[in-house]
Each structure stands twice: as structure tokens, then as C-alpha cells.
1. Listed highest first by mean packing, meaning other Cβ atoms within 10 Å per residue, what order do 407-413, 43-49 come in?
2. Report, in whole Å, the centroid distance computed from the Cα atoms of the stretch 141-203 and the stretch 368-393.
3. Quick one: compute the contact order of the stretch 59-197, relative version, from alpha carbon pairs under 8 angstrom and 6+ residues apart, as a percent.
4. Below 8 Å between Cα atoms, with a sequence gap of 6+, how large is the relative contact order for the stretch 27-268 in percent?
5. Work out how much length residue 139 to residue 6 would gain on full extension: take 0.36 nm times their residue separation and subtract the Cα-Cα distance, in nm to one decimal.
6. Can you tell which of 191, 80, 229 lies farthest toward the positive end of the dipole of the stretch 27-268, using +1 and -1 charges on the Cβ of basic and acidic side chains (Lys, Arg; Asp, Glu)?
7. Amide H of residue 144: which non-local residues (sequence gap of 5 or more, or other chain) have their own amide H closer than 5 Å, using H built in the peptide plane?
8. Determine, for 363, 148, the number of other Cβ atoms within 10 Å of each Cβ, and report the residues in order from fewest to most.
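Any read-out appearing in this document is the output of simple, stated calculations on the displayed coordinates, not a laboratory observation. Quick caveat: nothing in here was measured; it's all calculated off a predicted structure. Here the Cβ positions follow ideal geometry from the backbone for every residue, glycine too, while neighbour counts run over all protein chains shown.
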Amino acid sequence: MTLAADGGTPVRTRPLPSGKGAEVLGPQERTAVLRVLDRGALFRYYGPVPPEEVAAFEDEVAAFSGEGCRAVAVSSGTAALRTALAALGVGAGDEVVVPACTFVASVNAVVLAGAMPVFAEVDDTLCLSAESVRSVLTSRTAAVMPVHLDNGQADLDALLAVTGPAGVAVVEDTAQSMGATLHGRRLGTIGDVGAFSLQLDKNITAGEGGIVVTRDERLALRAAAFQDQGGHFLTQHGAGRDHAPDPFVGDNLRLTEIAGAIARVQLARLDGLLDAMRTAKAAILTAAGPLPGVTMRRYPDPVGEGGSGIGMLLATPELAARFAAALCAEGVPAGAPYGGQPVYATPAVMQQRTAAMKGHPWHVPGVMAYAMGMCPQTEDLLARCVRVGVSPAYTPADVDDVATALAKVADAVLR
């Protein structure tokens, strides 16, 4: 068959569903929002009647996460990372190891804490390489931030074998992988603290929002304090809160009651959404058959990954670019994660620019410089990677179209 990119007929002309939790927003979420509006309690800590949504959401996330877990809801996934780092006491003079393949929020949270991002390689999981982490640890390393990319898993068993003896905390950036598991354990509950996102593209959504999860009661108290101005304060009309025994200056990163209400509905659907994505992904790969010349992204636990993407590694960047373009022409969106670029290629990161342009270690000449080529393995993997998304809203016809396009393009481009 002639590829659509070469003038042939595309497999599909209608857009595919692309969301996750956003695809199932409906009457239940509407009812939850109206319940909050009808009660008039929009703020999570007080109102004309006692607020209940965010507190209940935190309890439900804690129960979902596993025995002994505590949850603190915040205003975004980035806020969750910032709160997690603050709970750990990460700050000026510290280094935090971040994978070279991630969204820029992972870096932003470290910089806003006053700490220095140190980049390490990813491996064929597209997540942090434990061996690379070992090579960049120093006496200043306060935390390592594995990012569970696109419902996949960082190899935490290998990573913890490196960080544990070194006494370094692990902050799991689980923004893209809420509910996925590693050998039966929920991602975000295995390290010292996990950070999750409720942004529109995520497994469950409230439009924006985030969650911090930990089994450490002290860290949970510090997280709760940080997101609410640090704790121990009074408002002008006499109301006050007292989150932790060691008050400190914090921030306002609170989740609203409306977002909490939506998130509660979505959380109840999470396991079903993951099952739907896993089922659709397995059906696509079975129907597509062998794809010669394609190496699939590796998962430390294939059963537990969340199924939201088909990650493929090709032999060369040129083949990957042609493969992705051909899939797009067939009506199946495809491309390299983050445009095939490491996070340090982001101009603000590469040029080490903050809003103030003073006061951060970045602005001390000679402290640390970034340059393309410093994580060559990551740069190579990203340049050769093609990702095809999978939605829980896929119908059998959608599954068939994606599988047909994969087989058609692989046959034409790679044989």
C-alpha cells in the first residue's frame, strides 16, 4: 500500500481521542462541582459551612496509595514537586539529580527551591539510569528525582540500591503515571515522597492540581504546612492554622474545593482508565504484529505500566523522523518525546536564567555549566524515539486503525 505521505489514502481521517481522564468528564463531575457551589464552601479550610472535598480527596488518595500513606493536595504537579522538596528541606547549597529526559517542571521545582539541578542519563526505559545517578552523586546531593515518564516506571529497585547507602532522599515525579505500579507497589509510594499532577493531560484531571504522598508523618506535616503559608499563622479576622511543630515560611499552593470535588470523581475511575489503556495498547500491538526494525521501550514491570503510550526506538534519527511523519500522515499522531530534545536544551535551563537573575548558584560564575552533549545516551535515545499515544476512550475501530497504520508504515519505511 502506498503511504499517505507519498500520496496514498490515509488509514484514518477523523481525529483520534487523545485524553485520559479528560475523556470521561461528565455528569458525575458536574454534580460534584454543583454540590460545592450550592454549599458555598469554595476554600478548603473554612467557609459558610465546613468544607469537605479536598480533605476527603486526600484521605481517598492515601487509601488508594497503600497502607501508611499520607496525602497532601496542592494546586499543581509543579506545586507538588516544590512541596515535596520543601518537606525534605532541600535548599541553597544542595544538588538534586534530575533525568535529562523530563518536562521542565522537574527542573523548575529544583531551581525555585534554591538548589542546583544536576542532570543524569536515562536508559531504554526512558527513565533515570541508576548507574548514571551513581556517577553524579556528590556530598551536596540532597535528593534524586526519578520521573516515571508516560505511565512507565523508573527502575526504582536499582536506583534505591544507589541512593540508600548514600543517604540520599528519593522524590518520585509521578505526574504522568498516577496509579501505575512497579511489582505491585503504586508508583509515587516507593521513595521518600511522591508528587502527582491533576493537569488536563494526566491520568485523572481537575484541570489543574497536584498531590504529595508519603509514608513519613513528619514529611506529610511539613508538606501540609508549606502549601499553606508554612503553618502557625493568624488571619486578620482571627482564624488560624497550625500544621507542624516547626513553622517556617511557606507558600500558597492550596487546592480549591471545586478541584478537589472533580478529582474525587476522577480518582474513583483511575484503575478503570488504566485497565482500558492497557487493554487498548495490548490489542494494538497484537493486531499490528511484528514491527521489524523497531525496539520497544523497556518497562521494569510490563504488567504494571499504565499503557498510555507506545514507545518505539528506531535505528537512526532519520528513520525515526520519517516513521513519525508517515504515521501522522496516516492520521495517527506520533513524534519524539519533548521534540527529541533533553530538558536542558530548554533555553531558560541552558542559559541558567531565573526571574531575578541573581541570588541563585546558577549565577555564580564557574559553579556549573550546561551544554548539549553532556548526556549523550539520552540525546541519542530521544532522537531515535517515536511515541504513539493510547487513550482509554479508544473504540475497537480506533484500535484497528492505529494497528493498521503501524503495520503499514513499518512495512514501507523499515523493511
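1. Working: 407-413: 20.0, 43-49: 13.3.
Descending mean neighbour count gives 407-413, 43-49.
2. About 18 Å separates the Cα centre of the stretch 141-203 from the one of the stretch 368-393.
3. Details: 278 pairs, mean separation 31.0, N = 139.
The normalised contact order for the stretch 59-197 reaches 22 percent.
4. Details: 556 pairs, mean separation 59.4, N = 242.
Reported relative contact order: 25 percent.
5. Details: separation 133, 0.36 × 133 = 47.88 nm, distance 5.58 nm.
Contour length minus the Cα-Cα distance gives 42.3 nm.
6. The Cα lying farthest towards the positive end belongs to 229.
7. Residues meeting the criterion, in which the H sits 1.01 Å from N, are 97, 169, 170, 171.
8. Details: 363 13, 148 29.
Neighbour counts put them in this order, fewest first: 363, 148.
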